[in-house]
1. Given the conditions (1) surrounded by fewer than 17 Cβ atoms within 10 Å (Cβ to Cβ); (2) at pLDDT 95 or above, report the number of the one that Ser43 does not fulfil.
2. I'd like to know if the range 28-38 contains one or more residues that are part of a helix (DSSP H, G or I), of a type in the set (Val, Ile, Thr) and in contact with a strand residue (DSSP E or B) (Cβ under 9 Å, 6 or more places away or on another chain).
3. Looking only at the range 66-99, count every residue that is among the hydrophobic types (A, V, I, L, M, F, W, C), buried (at least 16 other Cβ atoms within 10 Å of the Cβ) and closer than 15 Å to Ala27 by Cα and tell me the total.
4. State all residues of the range 105-121 that are out of contact with any Asp or Glu (no Cβ under 7 Å at 6 or more places or on another chain), hydrophobic (A, V, I, L, M, F, W, C) and surrounded by 15 or more Cβ atoms within 10 Å (Cβ to Cβ); if no residue qualifies, say none.
5. Which residues, taken from the range 80-104, are closer than 14 Å to Ile118 by Cα and either in contact (Cβ under 8 Å) with a residue 24 or more places away in the chain or of a type outside the set (Val, Ile, Thr) (or both)?
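The values are calculated or read from the model by the stated rules, or taken from the named source; none is laboratory data. Everything quoted here is computed from the prediction, not taken from an experiment. All Cβ positions, glycine included, derive from the backbone under ideal geometry; neighbour counts span all protein chains shown.
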Amino acid sequence: MAKMITTIHCGNSPKMVFLEKFNRAYAEGNIPYLLECVTDDISWRMVGDQEVVGKLNFKKVLLELGQSNIQEMVIEKIFTHGRLGAANGTLKMHNGSTYAFSDIYGFSSAKGNAIRSITSYVIEI
């Protein structure tokens, strides 16, 4: 199981808590939870790589990526405002690689209980 490190402790911001849980689920490979958190028409743009559209394709890519390869996720910041949110941090993989990431989220509503779009920037460091 992936180790999760975060300094985000804003219990009065439900969207920030939601994004923290979403990222934790990603690090742990909890695909059923991730699928509960996205809309049927989810669009995931991995800048410089591919764009995935639709929940079934989202699931397929998650399975291909193999989140169980993540040894540690550090979330440095989470921001939310209206229908938008963002999170950034680092991922340490079991093979020794380390990546910096920044994800921008579009929510289906201002309540922020379902993700409609994700734009991911990932670079190896």
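1. (1)
2. No: zero hits.
3. Qualifying residue count for the region: 6.
4. If the condition is that a residue be out of contact with any Asp or Glu (no Cβ under 7 Å at 6 or more places or on another chain), hydrophobic (A, V, I, L, M, F, W, C) and surrounded by 15 or more Cβ atoms within 10 Å (Cβ to Cβ), then Phe107, Ala114, Ile115 are the ones that fit.
5. Thr80, Arg83, Leu84, Gly85, Ala86, Ala87, Asn88, Phe101, Ser102, Asp103
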